[in-house]
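Remarks on the structure that follows.
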Amino acid sequence: MHFEDATKEQLIQICLWEECSIDYKFEAARELQLREWNDDYLKDLVRLWGEGKSSFQIAIELGIDRNVVYWQLEKHGLYGRRITR
């Protein structure tokens, strides 16, 4: 099973409701924890946004949800403020 390819909703489903081994539940919970926002991502977010990458590309590169990327861009006043040269 490839937990890194699963969506957040699928991982939550495995953790809470699926009839499976405790090892699968642990791996799903671990993957969810790895995907949480970490302040160490901020410099990478700013760099990638400055390079012209889309929020989708940034989410893939950082391994976090696209909505988290949007929220962080808006929180730090970056969304919609990209300068093209």
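The values are calculated or read from the model by the stated rules, or taken from the named source; none is laboratory data. Everything quoted here is computed from the prediction, not taken from an experiment. Cβ: placed from backbone, ideal geometry, glycine included. Neighbour counts: every protein chain shown. We work out accessible area using only protein heavy atoms, side chains counted, and drop any ligands, DNA or RNA first. Shrake-Rupley method; radii C 1.70, N 1.55, O 1.52, S 1.80 Å.
Here is how the numbers come out for the structure above:
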{"quantity": "Selection within region 66-85 - at pLDDT 85 or above and surrounded by 13 or more Cβ atoms within 10 Å (Cβ to Cβ)", "calculated": "Arg66, Val68, Val69, Tyr70, Trp71, Gln72, Leu73, His76, Leu78"}
{"quantity": "Residues satisfying the stated conditions in region 8-23, i.e. farther than 23 Å from Glu61 by Cβ and open to solvent by 100 Å² or more (accessible area, probe 1.4 Å)", "calculated": "Leu16, Trp17, Glu19, Ile22, Asp23"}
{"quantity": "Candidate set from region 1-44 (those that are acidic (Asp, Glu) and closer than 30 Å to Gly77 by Cβ); member that is nearest to the chain's Cα centre (by Cα)", "calculated": "Glu36"}
{"quantity": "Contacts under 7 angstrom Cβ, first residue in region 63-82 being farther than 14 Å from Glu36 by Cβ, partner modelled with pLDDT under 85 and surrounded by 11 or more Cβ atoms within 10 Å (Cβ to Cβ), 6 or more apart", "calculated": "Tyr70/Tyr79; Leu73/Tyr79"}
{"quantity": "Residues that are out of contact with any helix residue (DSSP H, G or I) (no Cβ under 6 Å at 6 or more places or on another chain), surrounded by 14 or more Cβ atoms within 10 Å (Cβ to Cβ) and assigned to a loop (DSSP other than H, G, I, E, B), drawn from region 36-64", "calculated": "Lys53, Ile64"}
